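Written out below as structure tokens is the structure these notes cover.
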Amino acid sequence: MIMEASVLKLPESELFTDYYFKENTFDEVFKKNSPANAYYNRLLSLISSYSTNEFKILNESTKKSFISRGVTFATYSDNPKGNERIFPFDLFPRIIPQSEWRVLEKGLKQRNRAINLFIDDLYHDSKILRDKIVPVDLILSCSNYNRYMKDFKPTGGVYNHISGTDIIKHNDGKYYVLEDNVRCPSGVSYVLANRDAMKKTIPSVFSNFNISPVSDYPEALQEMMHSVKSDKVDNPNCVVLTPGAYNSAYYEHSFLAQSMGIELVEGRDMFTDNDFVYMHTVYGAKRVDVIYRRIDDDFIDPLVFRPDSALGVPGLMSAYRKGNVTILNAPGTGIADDKAVYAYMPEIIKYYLDEEPILNNVPTYRCDVKQEMDYVLEHIAELVVKPVDQSGGYGIFIGNQATQAQIEEQKNIIKAHPRGYIAQPTMSLSVHSTFIEDENKFEPRHIDLRTYTLLSPDKEFVLKGGLSRVALKKGNLIVNSSQGGGSKDTWVMEE
Amino acid sequence: MALYNIRYETVNNYNSPVNEAYLNFLIIPQETEDQHCFNLSIESNHKAEAQFSETLYGAKAALFRLKGPFILFELTMTVQVEKQLWNFPSFKNISIADERAILEDHIFKVKNKDFIIPTTLTEINANQLPPETFILPSETVFQYVQRINTFLHYFLSYEANVTTPITTLPEIIQLRKGVCQDYSHLFIGIMRHNGIPVRYVSGYLNQGKQYIGAAAMHAWVEVFVPSIGWLGIDPTNNIFVNEHYIKVAHGCDYIDCTTVKGVYLSDSGGTTSYSVQITEQQSQ
């Protein structure tokens, strides 16, 4: 390790003492045997101008600012009731040069536009299934198919209004889409909170660097919500629907409502009558036209889905199908972020847009295809196995980190329910210098990028940058915030 | 022609006053090719009018949005239903190979996907099913459907209050007991494993015939047999559905056909009871 450090040209700062190069991994900042990436030079000299002690003080004061602003989330992995935590924030921002961002942005618009057409097709003529581009059996076994969307077109024809596409940089230096999240992608509030924290802690960077702003997101979101209102209303009443204060992302729900200047409501604050939705206000009932819901499909309408749900609004689906209210994201979008469907994303893009996919897809083995399952069982030690319908990093099996007993157990799990799993080669997530509190210095840690794309009927918007999530545990490849990861401010540089 | 008088009555007593509630009823017999309704009447003790709507699969729902406070809700529906007499289905002459080809055809699957996709209540892994529940290479779908109908009739024993409408298939297989929903859900789970479209049906059963389950709302299935079309089957009674079955709704499972879905916006326990009367008028 220490020997390898000598091949890196590190800044002269004790913060970078013993910084090492991870073999077979792309380091976002440093390059083996050559100077650091030029677009990091100014930032590196700024950071290395701090002593360890000064940097620690900055780090602590940032942490406090997150707590005092209540920027928190809860995790469920170790405590079923959830622990309220701050989302660890790293002060060394990740930079995405404009040349790379332009490609990413174009690719994200293309991919999410294609996903929208795919969802629309599946709930109407299913041409892509008739033409055998995507096998019908794949959809027949998809637990997120929502029959209440059949033959129904939402206002404006938009389904995945908000998409959270997860992107990584592999050791070949190329970006790959790791997964699509088109149900209720979360995390965008941290992007804005991180930028805020950065501005407060090191204000000088923003006058010296030409960084694309992220603060236009709430405005873009609101504009998008207006764009999918019913034609019958001029000035739509838009709301954010939250499951309540116990939800892990409650901070985000209240942040979004507040920054758009609209109401944050729970199911019990609304009611339906004759296929219209209303909310209770101190002035009486007020019509609701657009609902950005942050609760799962199963819970939005107890008269249609889970009757035991107290989170939703009885009669909402009926009002929705009459076109009297817009729900975003539309119910039933989960068929598109099924990880077995992911395998077909390049074909889906070509089919609907007649374009070559701009973003790379990770090769994916479907365990419900006999030959592919055989391959997976044989090569499981070098693969990553994922459940097709889970998000948040839950249930992921990483072959090269598993014991023999865990491998055998995982094989049995796959064999019992082949459609439930896909496998992919172990992608090497890029690393980024990250301040490690226990060591008082920077070390490389794996990162990914959660991006946010908004779709209107005739416009796409991509938040410039996104949430760079960091796996804080040494060697950990799962960067999800539910799994105790942290995050970084992400800078897209203007030219 | 058979003619029925149907009466559905429900009485809901609440422990404390209810301020707001939604009650959605799927109790009105469906208009179908062989079944017609007359003189429908719905009366309740509450001033709210029924809001009628059609379900995804063409059944007629009546929704009451009740504003309180109230401690009692009573509803009575009466209707007459005229039903054509059942005949043994006529068969198209299709070979077993052709029959399988129809089921395997991807366009067929696209069209019928709602009734092939497993739902939470009809989902089961192949290795959890008894081995004799799979279709044999030498069997026609019609023979298979009959075999499973009989199999289930003996595999499960009819017993109330051991399951709920949302008991899952693995639990039912373990218990080997249940009521009409459980027979129907298990039948559906088995058929869908073999790629055969099948739907859950709720309705009324002639009470003069000593069928199992006639005292309350009943559940059965309709299965797609390539040589026939949609065929009604009642695994609880091990028979084909005939003129004694009055259909209210069909769907993917119980959730689509639930007789009463109630959502109360104030927490109030209470007692609910309902009764049905289905009497056949002597045919003219």
Excluding residues on the same chain fewer than 8 positions from residue B:60, give the aspartates and glutamates whose Cα lies under 14 Å from its Cα. B:31, B:256
Ratio Rg/Rh, restricted to segment B:1-160 and using Cα atoms, in which Rh is the Kirkwood radius: 1.07
Given the rule -39500 (n - 2.57) for each run of at least 4 DSSP H residues, summed and divided by the residues of chain A, what is its mean residue ellipticity at 222 nm, to the nearest 500 deg cm²/dmol? -8500 deg cm²/dmol
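Of the cross-linked pairs A:132/A:350; A:199/A:474; A:22/A:474, which ones have a Cα-Cα span greater than 20 Å in the structure shown? Working shown, then result.
Values: A:132/A:350 14 Å; A:199/A:474 28 Å; A:22/A:474 11 Å.
From the list (A:132/A:350; A:199/A:474; A:22/A:474), the Cα-Cα distance tops 20 Å for A:199/A:474.
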Candidate aspartates and glutamates - alpha carbon under 16 Å from residue A:63, same-chain residues fewer than 8 apart omitted: A:54, A:84, A:90, A:196, A:437, A:438, A:489
Folded to 0 to 90 degrees: helix A:217-227 orientation relative to chain A principal axis, Cα: 20 degrees
Give me log10 I(q)/I(0) at q = 0.14, 0.17, 0.18, 0.23 Å⁻¹ for segment B:221-284, Debye formula, one equal scatterer per alpha-carbon, no solvent. -0.68, -0.88, -0.94, -1.19
Computed E for residue B:104/residue B:3 - FRET, C-beta separation, R0 51 angstrom, nearest 0.05: 0.75
Simple spin-label estimate for residue A:287 and residue B:207 in nanometres, 7 Å along Cα-Cβ: 4.6 nm
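Relative to the compact-globule scaling 2.2 N^0.38 Å, provide the ratio for the alpha-carbon radius of gyration of segment B:164-284.
Dividing the Cα Rg of segment B:164-284 by 2.2 N^0.38 Å gives 1.15.
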Using Cα-only point scatterers and the Debye equation, what is log10 of I(q)/I(0) for segment B:96-252 at each q in 0.11, 0.15, 0.16, 0.19 Å⁻¹, rounded to two decimals? -0.39, -0.74, -0.85, -1.21
May I ask you to work out the translational diffusion coefficient for chain B at 25 °C, viscosity 0.890 mPa s, via Stokes-Einstein with Rh from the Kirkwood sum over Cα pairs, reported in whole µm²/s? 123 µm²/s
Within 10 Å of each Cβ of A:137-143, how many other protein chain Cβ atoms are there on average? 5
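Figure the gain on full extension for residue A:245 and residue A:172 (residue separation times 0.36 nm, minus the Cα-Cα span) and round it to one decimal in nm.
In short, 22.0 nm is gained.
Once the convex hull of the alpha carbons of segment A:265-384 is built, what does its volume come to per residue, in cubic angstrom? Can you show the working numbers first?
Values: hull volume 21.5 nm³, N = 120.
Cα convex hull per residue, to the nearest whole number: 179 Å³.
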Can you grab the distance from the C-alpha centre of segment A:321-351 to the C-alpha centre of segment A:101-160, Å, no decimals? 4 Å
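How many times 2.2 N^0.38 Å is the alpha carbon radius of gyration of segment B:1-79?
Numbers: Rg = 14.3 Å, N = 79, 2.2 N^0.38 = 11.6 Å.
Against the compact-globule rule of thumb, the ratio is 1.23.
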Using the Kirkwood formula on alpha carbons, the hydrodynamic radius of segment A:124-268 in angstrom works out to 19.0 Å
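Using a Förster distance of 60 angstrom, determine the FRET efficiency expected from the C-beta separation of residue A:41 and residue A:354, and round it to 0.05.
Numbers: r = 42 Å, r/R0 = 0.70.
That pair, residue A:41 with residue A:354, gives E of 0.90.
Would you kindly state the longest site-free stretch of chain B, with sites defined as chymotrypsin sites (Phe, Trp or Tyr not before Pro) in a DSSP loop (not H, G, I, E, B) surrounded by at most 15 other Cβ atoms within 10 Å? It would help to have the intermediate numbers written out before the result.
Details: sites that count: B:86, B:91, B:134.
Excluding the exposed sites themselves, the longest stretch runs over B:135-284.
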Whichever lysines have a C-alpha closer than 24 Å to that of residue A:411, once near sequence neighbours (fewer than 8 apart) are set aside: A:339, A:370, A:386
Interatomic Cα distance distribution for segment A:330-475, bins of 10 angstrom, percent: 10, 30, 33, 21, 6, 0
For chain A, take the longest principal axis of its alpha carbons; what is the angle in degrees between that and the long axis of helix A:98-122, to the nearest 10 within 0 to 90? 30 degrees
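In segment B:112-197, how does Rg compare with the Kirkwood Rh, expressed as the Rg/Rh ratio over alpha carbon atoms?
Values: Rg = 12.4 Å, Rh = 13.1 Å.
Computed over Cα atoms, the ratio is 0.95.
With r as the distance between the Cβ atoms of residue B:194 and residue A:130 and R0 = 22 Å, compute the FRET efficiency 1/(1 + (r/R0)^6) and round to 0.05.
Details: r = 23 Å, r/R0 = 1.02.
Efficiency at R0 = 22 Å is approximately 0.45.
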With 0.36 nm assigned to each residue of separation and the Cα-Cα distance removed, residue B:45 to residue B:159 gains 37.7 nm
So what's the angle, to the nearest 10 degrees on a 0 to 90 scale, between helix B:180-193 and the longest Cα principal axis of chain B? 40 degrees
Separation between Cα centres of segment A:256-271 and segment B:21-58, rounded to whole Å: 34 Å
For the protein assembly as shown, what is one quarter of the convex hull surface built on the Cα atoms, given in nm²? 36.5 nm²
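Once you charge only the Cβ atoms, +1 for Lys and Arg and -1 for Asp and Glu, what is the size of the charge dipole of segment B:96-252 about its Cα centre, to the nearest 20 debye?
180 debye
Report the semi-axes of the equivalent ellipsoid for segment A:363-425 in whole Å, largest first, where each axis is √(5λ) for an eigenvalue λ of the Cα gyration tensor. Intermediate results must be reported in sequence, preceding the final value.
Working: eigenvalues 43, 39, 24 Å².
Equivalent-ellipsoid dimensions as semi-axes: 15, 14, 11 Å.
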Taking Rh as the Kirkwood radius computed over alpha-carbon pairs of segment A:231-324 and applying Stokes-Einstein at 4 °C with viscosity 1.567 mPa s, one gets a diffusion coefficient in µm² s⁻¹ of 96 µm²/s
Tell me, how many Å apart are the Cα centres for segment A:280-305 and for segment B:122-163? 41 Å
Apply the Karplus curve 6.51 cos²θ - 1.76 cosθ + 1.60, θ = phi - 60°, to the phi angles in segment A:362-370 and return the couplings in whole Hz, x for Gly and Pro. 6, x, 10, 9, 9, 6, 7, 9, 3
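Taken together, the values in this text are just the output of simple stated rules run on the coordinates, not laboratory data. Quantities reported herein were computed from a predicted structural model and do not represent experimental measurements. Don't worry about glycine lacking a Cβ; one is built from the backbone with ideal geometry, like all the others, and counts go over all protein chains shown.
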